[in-house]
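Bear in mind that the values in this text are calculations on the coordinates, not laboratory data. This structure is a prediction, so every number in the text was calculated from the model and none was measured. Glycine also receives a Cβ, built like all others from the backbone with ideal geometry; neighbour counts cover every protein chain displayed.
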Amino acid sequence: MPKPLERHYDGIIIGAGHHGLILGSYLAKAGLNILVIDRRLTYGGGLATHEVTEPGFYHNLHSINHFHISETPWFKDLGLDDKVTYITPRYEFGQAHRDGTALVLGRDLEETVANIARFSARDAATFRDWNRRAEAITARILLPERFSEPLPQHEREEILSRTAMGRDFLATTRRQPLDLVEELFENEHVRLLMLFKISLFGTWLTDTLSKTSPMGSVIRAFDLQTGYQLCQGGSFNLARGLMETFIASGGSFAPQAHVARILIEGGRATGIALADGRSVRARQFVASTIDVHQTFETMIGRDQLPDDLCRKLDGFRYTPWTLFGLHLALNESPRFAAAGFDPNVDRALKWSIGADTMAELASAHQDVQAGRVPKIVQFGAGPLSLIDPTQAPPGKHTTYAWHVMPLDPDLGGRSEASFRAEFADAIIETWARYCPNMTKRNIIGSYVYTARDYTRELINMRDGDIFMGAFNAEQVMYNHFGYRTPIPNLYMAGSPCHPGGAISGGAGYIAAGLIARDLGVNTWWQPCDARPALEALADGA
Ligand SMILES: Cc1cc2nc3c(=O)[nH]c(=O)nc-3n(C[C@H](O)[C@H](O)[C@H](O)COP(=O)(O)OP(=O)(O)OC[C@H]3O[C@@H](n4cnc5c(N)ncnc54)[C@H](O)[C@@H]3O)c2cc1C
């Protein structure tokens, strides 16, 4: 029996993904005796880097593009800069077209505006105007809100309504992102790349589900300063840095421990029971960073839950698409034919490949909604080893393709194995139309990794939902699942809570402040608070 399971703790955290490790690090540093527990042998959850093709090629099977991590409050508070390096690519988004043109968005406004002007002078002027507003809104509203417990809707709207910037932002959140992009931009290629930039994974499926965007994610289309970064050496290095911090702060980690039950005694959460029958006690709290259905239905049981919570669980929605991943070891990084038009397309962090028209993008949307394998192949990709050479052997390269897919697509009688092989070939064939060097000869090794695989490894990614909850208007901001639960001493601290799934660390960070306050523990850091940040808008308006 691993020793960590023989002791009692102040707090037990279920899940050693980044949310669990951030929460654990803050509370261990605050002097609490903390156990982080995970059913897998490893840790990091969606921060996973493996040599799945050939030795020396490090492939990030889950998350790759991380949001502005080195500037997050938790990265700074936890001193992660000493242990983990983030690379900020100069060119963030690239989209090549079959007509030989390419549109590239970088960090530099003038360069980006000039690139857009090659497609439409009017769209370039629109982008410049919206960028000015978006940079200010991001710094003064989006970022403080991302790392704070959401304010109740009426209070948020009342404060925001006091200033022009706040009113501008509120008006944007009430718009459907697709409508807004279509209204603002005339050029089809510009529209497509803006939609790709708003969405997390090259699909606007999720955004179109809601008629509004209360979180304001549509603003992401326009800001250039706070975009994606790449974790040097592979995403797992962030998990490594967090685990080192957690252990150095006195925390304990128990791997290979599948939590089957959360113990409720005297109406309070008092510990956890493992699938093998062992149990571990928590004197002060239990926090779950996994999905809501496993936490409440499986680990507690509906008979112990209030009706309100059962109704909330019944209404909880998961993202209705999954990712088909293809990871490649290459001799050469992909080179676009359109590099003749704009050479920087070759080194943009995120490529949108395969959809040249809005109709093509819409067709993938419709196919996935109907449970079909998309007819028109279109995917997100990126030249990872070109930006970070440590991810491949010297002179060699890695890349990946993520294609949106239904969880259980209609395979038309094909076996799963032949579907995987055929679809991987279809991706390469499409890629080669844009990048002539993407031939079979360039490919040293390939590895297909789909929702079937990642839901087996990360059982919390229920229904193949990489975010553990849809980003729809009914589930974001003031409508998020909630950190406190109706069961005393039990907290939610992961992706179902604001600011939601993806590697932002927000939910673990916010829950740390809230749990520390509830327990009367000294907060050694200054937790973010959206209220004064929004109230201060008036000073700068
Ligand atoms: C293919 C793919 C690509 C992605 N790309 C990106 C990207 O580029 N950028 C981005 O920001 N995000 C991306 N994501 C999403 C991102 O990985 C997740 O949002 C993130 O990992 C969530 O972090 P978390 O800490 O909430 O949960 P997780 O990282 O999922 O960690 C939860 C942990 O809980 C453990 N667990 C589950 N059930 C139990 C149990 N019963 N008992 C004990 N332990 C349990 C799991 O083993 C896991 O380690 C991607 C995800 C996938 C699958």
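State to the nearest 20 debye the size of the charge dipole of the range 250-301 about its Cα centre, where the only charges are +1 on K and R beta carbons and -1 on D and E beta carbons.
On the way: 5 positive and 4 negative charges, 50 e Å.
About 240 debye.
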Here the range 126-136 yields Karplus 3J(HN,Hα) values (6.51, -1.76, 1.60; θ = phi - 60°; whole Hz; Gly and Pro given as x) of 4, 4, 4, 5, 5, 4, 4, 5, 5, 4, 5
Does the range 430-534 come out rounded, prolate or oblate by the C-alpha gyration tensor, with a ≥ b ≥ c the root eigenvalues, rounded set by a/c under 1.5 and, if not, prolate when a/b is larger than b/c and oblate if not?
prolate
Going 7 Å from the Cα of Ser418 toward and past its Cβ, which residues in the range 430-473 have a backbone nitrogen under 13 Å from where you end up?
none
Size of electric dipole in the range 230-385: Cβ of Lys, Arg +1 and of Asp, Glu -1, about Cα centre, debye, nearest 20
400
Between Thr88, Leu61, Trp130, whose Cα lies farthest towards the positive end of the dipole of the range 52-163 when Lys and Arg beta carbons carry +1 and Asp and Glu beta carbons carry -1, centred on the Cα centre?
Trp130
Potential lengthening between Arg281 and Glu182 on full extension [0.36 nm per residue; Cα-Cα distance subtracted]:
30.2 nm
Would you mind checking which residues have amide H under 5 Å from His59's amide H? H placed 1.01 Å from N; only 5 or more apart, or other chain.
His50, Glu51, Val52
Reach of Lys76 by Cα under 28 Å, taken over lysines that are not fewer than 8 positions away in the same chain:
Lys29, Lys197, Lys350
In Å, the Kirkwood hydrodynamic radius of the chain over pairs of distinct alpha carbons?
23.9
Amide H neighbours of Tyr491 under 5 Å, counting only residues 5+ apart in sequence or on other chains, H built in-plane at 1.01 Å?
Val286, Ala287, Ser288
Under the Karplus relation with 6.51, -1.76 and 1.60 and θ = phi - 60°, whole-Hz ³J(HN,Hα) for the range 379-385, x at Gly and Pro, equal 8, x, 7, x, x, 4, 6
If one takes the longest principal axis of the Cα atoms in the chain, at what angle in degrees, from 0 to 90 and to the nearest 10, does the Cα axis of helix 506-519 lie?
20
Placing each pseudo-label 7 Å from Cα in the direction of the beta carbon, Arg517 and Thr390 end up separated by a distance in nanometres of 3.7
Name the shape class, rounded, prolate or oblate, that the alpha-carbon gyration tensor gives for the range 105-148, where a ≥ b ≥ c are the square roots of its eigenvalues, rounded holds for a/c under 1.5, and otherwise prolate holds if a/b is larger than b/c and oblate otherwise.
prolate
Local net charge near Ala117, Cβ-Cβ under 15 Å (Lys/Arg +1, Asp/Glu -1):
-4
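To the nearest 20 debye, what charge dipole does the range 1-133 have about its Cα centre, counting +1 at the Cβ of each Lys and Arg and -1 at the Cβ of each Asp and Glu?
Values: 15 positive and 16 negative charges, 50 e Å.
So the magnitude is around 240 debye.
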For the range 293-438, report the convex hull volume of the alpha-carbon atoms normalised per residue, in Å³, without decimals.
179
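Working out 0.36 nm times the residue gap between Asp307 and Ala121, then minus their Cα-Cα distance, what length gain in nm do you get to one decimal?
Working: separation 186, 0.36 × 186 = 66.96 nm, distance 5.62 nm.
Length gained between Asp307 and Ala121: 61.3 nm.
When a/c reaches 1.5 or more, the comparison of a/b and b/c decides; with that in mind, is the range 207-299 rounded, prolate or oblate per its Cα gyration tensor?
Working: a/c = 2.78, a/b = 1.51, b/c = 1.84.
Verdict is oblate for the range 207-299.
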